[in-house]
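Down below is the structure, laid out as structure tokens.
Every read-out reported here was derived from the displayed coordinates using simple, explicitly stated rules and does not represent laboratory data. Values in this document were obtained by computation on a predicted structure and should not be read as measured data. We place every Cβ from the backbone using ideal geometry, glycine too, and count neighbours over all the protein chains shown.
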Amino acid sequence: MTSQSPGTESPVRRRSLRRRAGRAVTLGLVLTTAVLTAGTAAVAASPPPAGVDLGPNVTVFDPAMPVGDIQAKLDAAHTAQVDNEMGTDRYAFFFKPGTYGTADHPLQIKVGYYTEIAGLGASPTDVVINGKVEVYNRCLENGGTSNCLALVNFWRTLSNLSLTINAAGQDGCRASADFWAVSQAVSMRRLNVTGGGLSLMDYCTAGPQYASGGFIADSRLPSVTSGSQQQWLTRNSEIAGWSNGVWNQVFSGVVGAPSEAGFPSPPYTTLDATPASREKPYLFLDAQGRYNVRVPAAQRNSRGVSWAGGLTPGRTVPISDFFVAKPSDSVQVINSQLARGKNLLLTPGVYDVARSIEVKRPDTVILGIGHATLTAVNGATPLDVADVPGAIVAGVTIDAGLKESPVLLRVGKGHGGGRSRADDPTTLSDVYFRVGGPHVGKAGTALEVNSDNVIIDHTWVWRADHGVEGFTDTQRWNTNIGRYGAVINGDHVTATGLFVEHFQRYNTVWNGDDGTTILYQNELPYDPPTQADWMNGPVEGYAGYKVGDLVRTHNLYGGGVYVFNQNNPSIHTENGFEVPQTPGVRLHHIMTVNLSAGVIDHVVNGVGAAADTTKIGSPVYVVDYPAAS
């Protein structure tokens, strides 16, 4: 183990290191080209059950397969994907019900970019992994020996299985816990973890070991070491304990959650129950070995895991009710299948979308596996969801294209349609957005929600601060266009895990009434060239979180806005948060922080000290706004 113990790392300049990580991306892609070619062949899929073709990048494991064969396939995928941050390869690895690995020969899975690891049981206890499932720091300098961090460990998924932690054969430090060192766009769902500890940082590699995640839902976990994690949301779960945390650590409906007493030391925000939630749909095999998708029911004021009493409440949809799409399928074919009443399963890959995929039917399920990605072509809006009840979009990444799209995902044509329902809400789960990164991207707005009663359950809405385009920061400002991240116009919308970063005007605008956000994370854009480029009329800059002037009720629990104006450190932003001054609009446990350049003058509406370069890495907190009486 290194000389630093878990949770003791200084947060100073940790986010600025993401820039250094980004500069290593292009080199990493070049160095791994040969490995990617070999890895793709090595992980060719085993035939899935019931004759369903899930595409060449899906592997379905059977418990009768030798552990060594399974290990070899997973190792090949990790070798191919560990540095493939901006690549186009996508993989999903599914495990049929049964037990994998033994005490003497544990299965040790390392998870790289664009990789999904999931069980195919109806319950997480139906698939047991005896071993470890891990993500480590990436060491990005000096030949892979220094600048070791998890700040760019994005886009991977772990779900629906039991993990009995077994570190047999690993060194003393690696044997200390199961490591899940990740940042944004990474989810852990429906897990049952026993036999050891879970660490959300990797303290076994050289420093600085920084991490910036993350999200857990519907899971039963041992004691968790948050360590260097800047912000994290744990929702509707059970934990044996929790230690450490840098800035915002939020718990909603979690049995065993720590108290928020003493905030910000420790920086915990705890809600006894989640006001509105709906778990993500998942693939499973029935007793006859046939694929189905379980669609969980919406919950109100819920707490703990959904599967404690058996099958998660909801409905089962047979795979025959889905159109199983491949990247080669046209949008015309996909829309024709949706119009016939089919749901949509997007298999791993990158889909070029030159006209909208249109969801018009109530209760339609759009489920992506292996981080299926929709890329806008010719300024299209890749996904357009009508104002209907019960539509679900899950496990999908949406990329802006070379020509500006007005919006990347629209839910509802306009506010006031009135057809969405609180008991059957449209839900977005693990839906991610990118403007730039793998290529030039342009979008007016990434996510626009016009319908009422929508649940946004974990999203990362990202205008890229680094990528393979080879831009200087000034070029990126004028080329990767992303004006607004998330615009919420519907009423009664709930967001659990809202991560929005680097947009050129407001990152989040919330115009709908009676909205709730549980954990908000934002970085302002790094790259405005001058103060004149970062002006909102006469106001210096745009707040990271804006609640509309006409809103009368709104609640935010646990939020942070960070500044790193590296392109011009003299730039100011007047407020991190901007909200109407009315008793019904309440912000609980919010903060701003300076990551080494630029200034946020106030936390919210002129309240709170400046986050300037005299307090790099030291947050400025406001416990409640308006102040509690």
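Most exposed first by the Cβ proxy, i.e. fewest other Cβ within 10 Å, how do Leu158, Leu149 rank?
Leu158, Leu149
When the convex hull of the C-alpha atoms of the range 17-273 is computed, what volume per residue in Å³ does it have?
121
Pick out, from Pro580, Val449, Gly497, the residue whose Cα sits farthest towards the positive end of the charge dipole of the range 320-625, with +1 on the Cβ of Lys and Arg and -1 on the Cβ of Asp and Glu.
Farthest towards the positive pole: Val449.
Using the Karplus curve 6.51 cos²θ - 1.76 cosθ + 1.60 with θ = phi - 60°, what ³J(HN,Hα) values do you get for each residue of the range 365-374, in whole Hz, with x for Gly and Pro?
Once rounded to whole Hz, the list reads 10, 10, 10, x, 10, x, 6, 3, 10, 9.
Sort Arg278, Arg505, Arg410 so the one with the fewest other Cβ atoms within 10 Å of its own Cβ comes first.
Ordered by Cβ neighbours within 10 Å, fewest first: Arg505, Arg410, Arg278.
Cα extents of the range 552-629 along the three principal axes, largest first, in whole Å?
37, 19, 16
Work out the charge dipole of the range 17-273 with +1 on the Cβ of Lys and Arg and -1 on the Cβ of Asp and Glu about the Cα centre, then indicate which of Asn147, Tyr91, Val255 is farthest towards its positive end.
Sorting the options by dipole projection puts first Asn147.
Across the range 238-254, in residue order, what do the Karplus-derived ³J(HN,Hα) couplings come to in whole Hz, using 6.51 cos²θ - 1.76 cosθ + 1.60 with θ = phi - 60° and x for Gly and Pro?
10, 10, 7, x, 8, 9, 6, x, 9, 10, 9, 10, 10, 10, 9, x, 10
Starting from the amide H of Trp510, placed 1.01 Å from N in the peptide plane, find each other amide H under 5 Å away whose residue is 5 or more places distant or on another chain.
Residues meeting the criterion, in which the H sits 1.01 Å from N, are Ile488, Lys546, Val547, Gly548.
If a/c stays under 1.5 just call it rounded; otherwise compare a/b with b/c (prolate if a/b is bigger, oblate if not). Do that for the range 320-625, with a ≥ b ≥ c from the square roots of the Cα gyration tensor eigenvalues.
oblate
Could you tell me the number of lysine pairs in the range 320-625 with C-alpha atoms less than 23 Å from each other, where the two lysines are 8 or more residues apart or belong to different chains?
Step by step, the pairs that qualify in the range 320-625 add up to 10.
Mind ranking 66-73, 462-469 by how tightly packed they are, going by the mean number of other C-beta atoms within 10 angstrom, highest first?
462-469, 66-73
Along the range 274-288, what does the Karplus equation 6.51 cos²θ - 1.76 cosθ + 1.60 (θ = phi - 60°) give for ³J(HN,Hα), rounded to whole Hz, x for Gly and Pro?
Result, rounded to whole Hz: 8, x, 8, 7, 8, 6, 5, x, 8, 6, 8, 9, 7, 5, 8.
Taking H placed 1.01 Å from N in the peptide plane, check which residues at least 5 places from Leu374 or on another chain put their amide H under 5 Å from its amide H.
Hits under the 5 Å cutoff: Tyr351, Thr397, Ile398, Asp399.
From the Cα gyration tensor of the range 570-610, with a ≥ b ≥ c the square roots of its eigenvalues, which class applies: rounded if a/c is under 1.5, or else prolate if a/b is larger than b/c, or else oblate?
Because a/c hits 1.5 or more and a/b exceeds b/c, the range 570-610 counts as prolate.
Just need the Rg to Rh number for the chain, please, alpha carbons only, Kirkwood Rh.
Result: Rg/Rh = 0.93.
Less than 21 Å apart at the alpha-carbon level, and either on another chain or at least 8 residues along: which lysines does that give for Lys132?
Lys73, Lys96, Lys110
If we sort 446-454, 211-219 on the protection proxy, mean other Cβ atoms within 10 Å, highest first, what's the order?
211-219, 446-454
Multiply the residue gap between Val607 and Asn478 by 0.36 nm, knock off their C-alpha separation, and tell me the result in nm, one decimal place.
That works out to 43.2 nm of additional length.
Which residues' amide hydrogens lie under 5 Å from the amide hydrogen of Thr270, considering only partners 5 or more residues apart or on another chain, with H built in the peptide plane?
Excluding prolines and chain starts, which carry no amide H, the hits are Phe251, Glu260.
Would you compute, from DSSP H runs of 4+ residues alone, the mean residue ellipticity of the chain at 222 nm, taking -39500 (n - 2.57) per run and dividing by the full residue count, rounded to the nearest 500?
It lands at -2500 deg cm²/dmol.
Ratio of alpha-carbon Rg to the 2.2 N^0.38 Å globular estimate for the range 453-598, to two decimals, please.
1.02
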